[in-house]
Amino acid sequence: MNIHHLLSARFSQAIQAMGIQDAPIPLSRSTRPGFGEYQFNGAMALAKQLKQKPRDIAEDIVAKVELSDIASKLEVAGPGFINIHLKDEWLSQWCDKALMDEKLTIEAHDTETIVVDYSSPNLAKEMHVGHLRSTIIGDAVVNVLEYLGHNVIRQNHMGDWGTQFGMLLAHLNDQLSSSSVAETALSDLEDFYREAKVRFDNEDGFADRARDYVVKLQGGDAECLGLWQQFIDISIQHSEEVYKKLNVGLTREHVMGESSYNPDLPSVIADLTQKEILVESQGARLVFIPEMSNKEGEPAAYIVQKSGGGYLYATTDLAAIRYRANTLKAKRTLIFTDARQALHFKQTEIVARKAGYLSLDESYEHCPFGMMLGKDGKPFKTRSGAVIKLSDLLDEAIERAAVLISKRESSLNTQEKQQVAKTVGIGAVKYADLSKNRTTDYIFDWDTMLSFEGNTAPYLQYAYTRVKSVFRKAEQDMQTYQARVSVESAQEHDLVVKLMQFDEVLASVSKEATPHLMCTYLYEVASLFMRFYEANPILKPGISDEVKNSRLGLCALSAKTLKAGLEILGIDTLEVM
Ligand code: ARG
């Protein structure tokens, strides 16, 4: 149930009945208590168009709009706003339906094929904190889209090609010939990378060998490719361990690294040449983008082939666009990387559209995110200034959560406590990231994210266990619980309106790729639930069965919404904490 859609349809009917076609229907949520839940703001514009007083038009709409089943009251306020107060009976009926519906009454709608390009680490390095945001935010958006029934194709556009592999392969070759197996040599990728770099910078002849390897690799030399394949395989395994720890739905079948586009690159150049988009300049091939000129009026230059013949990140992205449109049939493409790549993607889109790789009804949406900062406001690093390995960060989260859990009173045994620590620790890290508006930088702070108060994963997980314990006391099964709900108190009213807005939130997150809206929403649900729970006793003596069942119904709906929302964000819930 999408209240917004429903109200829109009703207002649209009323306005058409007044003889006006295609008027916009501006509806918003009321923000002040006492002004109802939604507000129609279209009377002022209509009044201008019809040369009448806005309040008169508003009164006219109120008389014509058919909302008696939904609203208890419509009132004209201010210059001509219409405040809509939702009706308790209607809210109650919705609860009965929602309790029977696994998907909490979300509406069916058109579905499409959507490519989501996320995580996409560079394999010449160990996954570090910089990849946390892409991985977590991308995965949450994937989950939302899938929940809404879209055909989502995950693409892990791993950086598995390029000149840096020359030095890595030369180093690997030496390690393997001096008795080490690949797994051991590559057990710590960061160390391996550093060693190779030191040799590259200092060792006589090594840099030449490294360059030699690049040429051989690009030329398809079998031995070299074999070495490369070993390197890639182990490197992907490292990423997979992180995905598993993070509870993220990326597997090997989603890997579509840069190297997979190698065979397509010459044809991209040939095609751009044939379409006369490409120009040659000092041996390099590039596309001019007059749409993005500098102050002097010079167009931006988008290089697709270097003077030596080498291809670039950009060339691969053009090939990827073509593949995603033609083979995968994507209508939307979402790409999650940090904000520093914004210019690249803007230019890539312009070039791809010029070349006809994207049609007008196909979108290319770069979804940028800000940096993860330490408490000091500087890029998040270890004390010695090294990048933080993602895997170590997650282990630390679990350890810290374990310390917190051990301090709480609980009847759990050691093993159960360890499981709780895992769920809370990983949940906290993910939620801290997801709950911030993705476009801004954010401060990574252990204490805030692990707090049981405020907009945090532990707070939401705790609210969920609260409901679970009510059901245990009531000796009822929450999952299958059904009841006649009767919305009566103000807290019940506010809680149910919020619960009904789940569908609206999903729609916004799916449109804007902004999981923080879901976090804010779940936090509001949990807070309104707590308020309801404190003011409306459930299992106290003296409460009639009817009231008890109705309130249990609200508990079940709140918990189901929290669980569905958290699952979408990739965060597990717990039975007890
Ligand atoms: N490997 C890149 C990085 O680590 C991200 C790739 C994003 N996807 C793309 N199609 N360019 O920054």
- [ ] Go through segment 338-347 and give me each residue that's within 11 Å of the ligand (Cβ to nearest atom) and of a type in the set (S, T, N, Q).
- [x] 341
Open item on the list: Taking the conditions exactly as written (of a type outside the set (Lys, Arg), loosely packed, with under 14 Cβ neighbours inside 10 Å and in a helix (DSSP H, G or I)), does residue 360 satisfy them or not?
Closed with: no
- [ ] Might you let me know whether segment 357-378 holds any residue that is within 23 Å of residue 512 (Cβ to Cβ), of a type outside the set (S, T, N, Q) and more than 16 Å from the ligand (Cβ to nearest atom)?
- [x] yes
- [ ] Kindly check whether there is at least one residue in segment 283-291 that is within 32 Å of the chain's Cα centre (by Cα) and within 16 Å of the ligand (Cβ to nearest atom).
- [x] no
Open item on the list: Which pairs turn up if I take residues in segment 334-351 that are in contact (Cβ under 8 Å) with a residue 12 or more places away in the chain and closer than 18 Å to residue 131 by Cβ and look for partners that are more than 12 Å from the ligand (Cβ to nearest atom) and in a helix (DSSP H, G or I) with beta carbon separation below 7 Å, at least 6 apart in sequence or on another chain?
Closed with: 334/141; 336/137
Task: Positions within segment 127-167 being more than 16 Å from the ligand (Cβ to nearest atom) and farther than 26 Å from residue 516 by Cα, in sequence order - done: 166, 167
- [ ] Check whether at least one residue in segment 363-375 is closer than 28 Å to residue 189 by Cα and among the charged types (D, E, K, R), and report yes or no.
- [x] yes
- [ ] Out of 111, 105, report the one residue that is polar (S, T, N, Q), touching a residue at least 60 places away in the same chain (Cβ under 8 Å), more than 16 Å from the ligand (Cβ to nearest atom) and surrounded by fewer than 19 Cβ atoms within 10 Å (Cβ to Cβ).
- [x] 105
- [ ] Considering each of 242, 144 in turn, give the residue that is β-branched (Val, Ile, Thr), modelled with pLDDT under 95, under 30 Å from residue 573 (Cβ atoms) and surrounded by 18 or more Cβ atoms within 10 Å (Cβ to Cβ).
- [x] 242
- [ ] Mind counting the residues in segment 479-491 that are in contact with a helix residue (DSSP H, G or I) (Cβ under 6 Å, 6 or more places away or on another chain) and either assigned to a helix (DSSP H, G or I) or crowded, with 19+ Cβ neighbours inside 10 Å (or both)?
- [x] 5
Open item on the list: Given the criteria touching a residue at least 12 places away in the same chain (Cβ under 8 Å), surrounded by 18 or more Cβ atoms within 10 Å (Cβ to Cβ) and closer than 21 Å to residue 320 by Cα, does residue 268 qualify?
Closed with: yes
Open item on the list: Name the single residue that is farthest from residue 87 (Cα to Cα) among those in segment 3-51 being touching a Leu at 6+ places or on another chain (Cβ under 9 Å) and modelled with pLDDT under 95.
Closed with: 20
Task: Top-ranked residue of segment 290-310 - restricted to ones that are within 19 Å of residue 341 (Cβ to Cβ) and of a type outside the set (A, V, I, L, M), ranked as surrounded by the fewest Cβ atoms within 10 Å (Cβ to Cβ) - done: 291
- [ ] Please go through segment 478-507 and pick out each residue that is small (Gly, Ala, Ser) and touching a Ser or Thr at 6+ places or on another chain (Cβ under 7 Å).
- [x] 483, 486
Task: Residue under evaluation residue 319, criteria (1) closer than 30 Å to residue 441 by Cα; (2) in a helix (DSSP H, G or I); (3) within 15 Å of the ligand (Cβ to nearest atom), criterion not met - done: (1)
- [ ] Mind telling me which of the residues 350, 335 ends up being within 13 Å of the ligand (Cβ to nearest atom) and buried (at least 17 other Cβ atoms within 10 Å of the Cβ)?
- [x] 335
- [ ] Scan segment 322-332 for residues that are away from the ligand (no atom under 13 Å from the Cβ) and of a type in the set (Gly, Ala, Ser) and jot them down.
- [x] 325
TODO: Scan segment 1-38 for residues that are assigned to a loop (DSSP other than H, G, I, E, B), within 26 Å of residue 96 (Cβ to Cβ) and not charged (D, E, K, R) and jot them down.
DONE: 1, 2, 30, 36
Task: Candidate set from segment 294-316 (those that are within 12 Å of the ligand (Cβ to nearest atom) and among the polar types (S, T, N, Q)); member that is nearest to residue 268 (Cα to Cα) - done: 315
- [ ] Answer yes if at least one residue in segment 544-553 is touching a Phe, Trp or Tyr at 6+ places or on another chain (Cβ under 8 Å), touching a residue at least 60 places away in the same chain (Cβ under 8 Å) and closer than 20 Å to residue 144 by Cβ, and no otherwise.
- [x] no
TODO: Name, by its number, the condition in (1) in contact (Cβ under 8 Å) with a residue 60 or more places away in the chain; (2) surrounded by fewer than 16 Cβ atoms within 10 Å (Cβ to Cβ) that does not hold for residue 98.
DONE: (2)
Task: Hits in segment 75-88 (condition: free of Cβ contacts under 8 Å to residues at least 24 places away in the same chain and either touching a Leu at 6+ places or on another chain (Cβ under 7 Å) or of a type in the set (D, E, K, R) (or both)) - done: 87
TODO: Collect the residues in segment 492-538 that are closer than 30 Å to residue 336 by Cβ, part of a loop (DSSP other than H, G, I, E, B) and among the aliphatic types (A, V, I, L, M), keeping them in residue-number order.
DONE: 513
TODO: May I ask you to list the residues in segment 207-261 that are of a type outside the set (A, V, I, L, M) and within 15 Å of the ligand (Cβ to nearest atom)?
DONE: 235, 238, 239, 254, 257, 258, 259, 260, 261
Open item on the list: Restricting to segment 9-48, name every residue that is surrounded by 16 or more Cβ atoms within 10 Å (Cβ to Cβ), of a type in the set (Gly, Ala, Ser) and without any contact (Cβ under 8 Å) to a residue 40 or more places away in the chain.
Closed with: 12, 42, 43, 47
Open item on the list: Please count how many residues of segment 116-126 are more than 10 Å from the ligand (Cβ to nearest atom) and in a strand (DSSP E or B).
Closed with: 1
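The values are calculated or read from the model by the stated rules, or taken from the named source; none is laboratory data. Treat the numbers as computed from the prediction; the structure is a model and nothing was measured. As a convention, Cβ positions derive from the backbone with ideal geometry for all residues, glycine included, and neighbour counts pool all protein chains shown.
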